[in-house]
1. What is the average number of partner chain Cβ atoms found within 10 Å of a Cβ in A:105-117?
2. If A:MET16, C:MET356 are ordered by their accessible area, calculated over protein heavy atoms with a 1.4 Å probe, which sequence runs from highest to lowest?
3. By how many nm would the segment from A:MET55 to A:PHE27 grow when fully extended, if each residue of separation counts as 0.36 nm and the alpha-carbon distance is taken off?
4. In the structure displayed, which of C:LYS60/C:LYS242; A:LYS240/C:LYS292; C:LYS60/C:LYS374 lie more than 29 Å apart, Cα to Cα?
5. Let a ≥ b ≥ c be the square roots of the eigenvalues of the Cα gyration tensor of the protein assembly as shown; is it rounded (a/c under 1.5), or, if not, prolate (a/b larger than b/c) or oblate?
6. Using θ = phi - 60° and the Karplus curve 6.51 cos²θ - 1.76 cosθ + 1.60, what whole-Hz ³J(HN,Hα) does each residue of region A:204-214 get, with Gly and Pro shown as x?
7. Name the lysines eligible as straight-distance cross-link partners of C:LYS316: C-alpha to C-alpha under 16 Å, and not fewer than 8 places from it in the same chain.
8. Scan region B:208-248 for GluC sites (Glu not before Pro) in coil per DSSP, keeping those whose Cβ has at most 16 other Cβ atoms within 10 Å, and list them by number.
Amino acid sequence: MKIALLLDSKKFKFWMRKVLWRHLVGFVVVAFSVFPLIWMISGAFDVTGQISTQMLIPTHKGLDNFAQLFSNSSKPFLIWARNSMVVAISASAMQVGIGALAAYTLSRHRFKGRKLTLSTILIVQMFPQLLAATSLFLIINTFGKSFMFLGLGHQLPLILVFGGSALGVNTWMLKSFFDTLPTEIDEAAKIDGADHFQIFRKIIVPLATPIFVVTFLLSFIGILNEYLITSVILGLDGNKMTVAVGLQQFIYGQYGKNWGPFTAGALLATIPVLTLFIFLQKHLVSGLVSGSTKG
Amino acid sequence: MKKISMSKILRYLLTYGLITLILVMATKFLQDRAWFLSVFFYLSASLIFSTYVISKKTPGKYLLPGVLLLCLFHIYPAFYSGAVAFTNDSNGHQLSKTQAIDAILQDSKIPVQTELPINYQVVLKDSTREVFLVFKYSDSSYWIGNSKSVVKLDQSQLKFSINGQIQSVDGQKVLASDQVERYINQIQNITIKMASEITLQPIDLETLEASQPVFTYNASVDQLTNVLSGEKYQPNDNGQMVSDSGELLYPGWKANIGWRNFTSVITDKEMRTPLLAVLTWTIVNAFLIVTFGFLFGLVLALIFNYKHMRSKRFYRTIFIIPLAIPSVLSILVWSGLFTAETGVIDRIFHISTPWLTDPWWARVAVLIVELWSTFPYMFLISTGAIQAIPSEILEAAEIDGASPTKTFTQIKLPLVVRTVAPLLIASGAMALNNFGAIYLLTGGGPTFSNSNGNAGATDILISYTYKLAFNGQEGNNYGLASALSILNFVLVGAISLYGLRKMKTMEEIN
Amino acid sequence: MQRLGVGLLAVSLAFLGSIAPAQAAGTLTVWVNSGEEAAYKAASEAWASKNGVTVNIVAKCGLGDCGMSKLGPAGAGPDLFTASHDNTGALVKSGVVTSLSSVIKKSAYPAAVTSGVSFNYQQWGIPIAVSNIALATNLTLVPTGAPKTWKDLESTATSLIASGKASVGIVTHIDGYFMQPFFDSIGGYVFSNKNGSYINTKQVGLNSKALMKNAALMDGWLAAKIFDKSNTYDGSNFSNGKAPYAIVGPWSIDGLDKAGVKYEISSIPAVNGGTARAFSGVTAVYMNRFTKNNLLARKYLVEVVQTAAFSKAITKANNSYPANIEAAATVDAKSVAGKFGAYGALCIPMPNVSEMNNVWTYWNNAFADWASGKAKFGAAMDSAAKNLNTALGNK
């Protein structure tokens, strides 16, 4: 009994000395991490809708901000959400699909120009597309001269622009994953008479599904977050905007600074991404860390 | 006969359909004089044809879609910036030279007052269905014509109805008024040139407006003459017509101006000073954020990589929350929280800091937000690097009696830094273009008072470029913006190259 | 199989080639400010169905020129678009608009309005609405209502601040546009003008003699918290009852009504008596030079846009004041729009020369420097004027 107590107190002292402060630091960093999120939540439910009176726990709670968000015909949140989905899903599908095709051949086949292709991709991905945003704007404008639907203010060119950078976005990551898949399986399939595309479709793709999901999600989040190119190509048309560009409209303009509906919309847009992230934390984090070497 | 499988037909349809589509697009680009795009699309079509139909080689089949799109939407824009940087592409210089001169001629016309409005009626020539306008001119004579020609009519050629309306010309009936509207597209493009430079143009479906030009253009010497003052205008090297006395005519046209976009940022003090400040902040900001972010992340990793501590997973999950909130939105929330005096931050800490209006505080605000968004990543990679240190090394050090500080500075730190160095350089290259954190938080502001073009204290190259091209109150200057993006390309390239080198040496070391 | 493919290719090529890029005849596309599309649609409907024309109203514009300088020459622009009149000079110099001199019925508008859309002796836009900022008074804090004189305003604000009932006097955004009335009131001007027509951009008045003499007044007002220098667009100090006055525009009205503030709109008193003149802006419809529906667009302008009913319908929807004289006569003088209009009649048109672009930069920066305490008002304006003169190549 006495010994146990002693042990206990020793353990406790140790905890006090070596562990407690870590938790204190942890608490501060946690507060920093969630700071904007907390205020986003409290703002969303604060019916006064003003930054200047906002309290951590709203004094006037309610769902007014959400009602306002959904009833504003010139700032149609639901249409923005749909636009974001359309653009992000199609572009990330393109990025993953095109990237996977290229990664497959770069991983499995040996051919002249392979090294050159790999190093070109490495160099290209150092220069993010947004560096040439001005040119992209001018080029899409030229497209629009000949084909309306490929011009500024349309979603198709935006999808193509994002999808078009597939090789520069995730080919290396996919390739290094394919490299870890044993080639023996391909060989066996080849002997059974499978051609290269069948090997890709029936063997590689099923095995690589997890990494596809990760790259897809990373692309998806990246595109949802994109502001510069999206705003430049889609322009000011209220019905064409994405959530990222559109929500910003709420906090522009005198007396039109609608902090309430803005935070409500931001919260709605954050929840799915946040949930996804926390659930798939392990995979996404490893993807982020390994994929980030290339920027 | 060999059975043709469904999938094969589908594949052929797909391939040929795509090729057809691309060819059609290429032809349309050719018609619209988009030379590069046209050539690129023709080339793409033939590449697709040779890769998927003729060639037996596999790799190309997998690479081609990615490569073509990459060329069009990633590499071409980069080189296009290079081309635009040598032009004066900006507001007021959007038209082609022909369009610009046409606009000058058209806009300066002076309406000629006529006693009665010149009413017209429409006649279709039977054989060609060509549209002609018949009208009674101010001198009471009757004329028929269109943009190509105009001739005087003899009374005998005309037949009038009882109320004085023209009924037919040379036996050709004029169109009834409800018919005229169907030819509106032809009618609206008609300009009739009468004698002594007077032109007639329809302003609605029954009236012609007579006007007199102020300028005449002589194409052979490329010269505009003001017929009222006699002043002559010649093209200058900036795509505009200018008189000897220096008077400029608008609009101008898009012209090649050589290196002027580049030289102007050096010679023009109004541009040089802000640009230098922007360039400095671009580099300093990237450096600071990677340094602070890494130090913060490393310290956290050291603190929380402690075996006797519980709820480490909880902390880790919370720490990565900044990564999980769409950054556009979180930055906008931050910008609200930073509002001076009434903002949440100032109210919590009972301060009244002009966060977004004072240059230095704005920079601090930018750094805080960037720190918030980068430390999770830095924490993750540092944790990974610490955990990757072989435990034997640490044990050996302990046995040798090395103090914890010594173990840290001489073993842990060098090993961690060595592992993450390439990642840090890559992050640095990314931070150079951290557009969102700047533009959505401060808009690059507060703006310098002596700058032409709205550069501000927190502007980095990419945000300044964006403002020049898309947000400038002083007109959208695409040419100058492109010149600055080239500068940005060079900057990013240099740092990335350094990173690649470093990575190579790392690989050699390992 | 290969040959089949090539044949298929040829046939489909021929087929696709034969489809001419046709634009539906009888369609007019009009770009308007976001949020106003419903009003335009409603006001055009009758004409459209009567003439069998589709009028396609698209919310594409915000501030500035709707991106027309790029989209127009690219052939991606609409037939008509709305813009505020101060863009006229820049639009004309970009060569993207067509003269509407032969369309506009000048007698239907006040001279100040038509001069706003005129440039280089031609008329370029058909005016719809006039909008300007005005003074809003919080009737809960100031039961006596709008101030008659500047002294009145100043003493009310000072005593409310002293008693702690208010934290600032006038909530305003500290920049050229919002501060113009006060700037005007102490003798400053942008360019010398004659009847609202700004021809001489050589004479910059940012540092006019009168202004430099009175500049210290502005410093005093700022120190006395007459102006809210937090310089945010958020007008919350006024809607929360922390400020007796605010500078507001027609676009603020919805927000104020929603916040439940009791307010009165009035003109802004000048320091030496009379009225401090704000800039008035004209919203007008412009025609794309590259429109393929020239005559149809003109017809729409004459038969719809130029009518009093149209001007009235649009302005009713956005709380602004009709540009059309006949429509303006029907506005109740006691209504919010009427009060904006009454003050607007005393205002001066915002310069529509393209040189304004440079003015905004330096002028706004000078205000920002002054508000942040970096420079005294006189010094800030003096250096802005010098920078502006250099930029415009004056002297």
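The values are calculated or read from the model by the stated rules, or taken from the named source; none is laboratory data. Computed from a predicted model, the values in this text were never measured in an experiment. Every residue, glycine among them, receives a Cβ derived from its backbone with ideal geometry; neighbour counts consider all protein chains shown. Protein only, heavy atoms only, side chains kept; ligands, DNA and RNA dropped before computing areas. Shrake-Rupley method; radii C 1.70, N 1.55, O 1.52, S 1.80 Å.
1. On the way: counts 7, 3, 0, 3, 5, 1, 5, 2, 3, 2, 0, 0, 4.
Rounded to a whole number, the mean comes out at 3.
2. Details: A:MET16 90, C:MET356 5 Å².
Accessible-area ranking of A:MET16, C:MET356, largest first: A:MET16, C:MET356.
3. Details: separation 28, 0.36 × 28 = 10.08 nm, distance 2.08 nm.
Gain on extension, A:MET55 to A:PHE27, equals 8.0 nm.
4. Values: C:LYS60/C:LYS242 36 Å; A:LYS240/C:LYS292 25 Å; C:LYS60/C:LYS374 38 Å.
Table pairs above 29 Å Cα-Cα are C:LYS60/C:LYS242; C:LYS60/C:LYS374.
5. On the way: a/c = 2.10, a/b = 1.26, b/c = 1.66.
Judged from the Cα gyration tensor, the protein assembly as shown comes out oblate (a/c at least 1.5, b/c at or above a/b).
6. In residue order, the calculated couplings are 5, 4, x, 5, 9, 3, x, 5, 4, 4, 5 Hz.
7. C:LYS316 reaches C:LYS41, C:LYS334, C:LYS339.
8. Details: sites: B:GLU209, B:GLU231, B:GLU247; in loops: B:GLU231, B:GLU247.
The qualifying sites are B:GLU231, B:GLU247.
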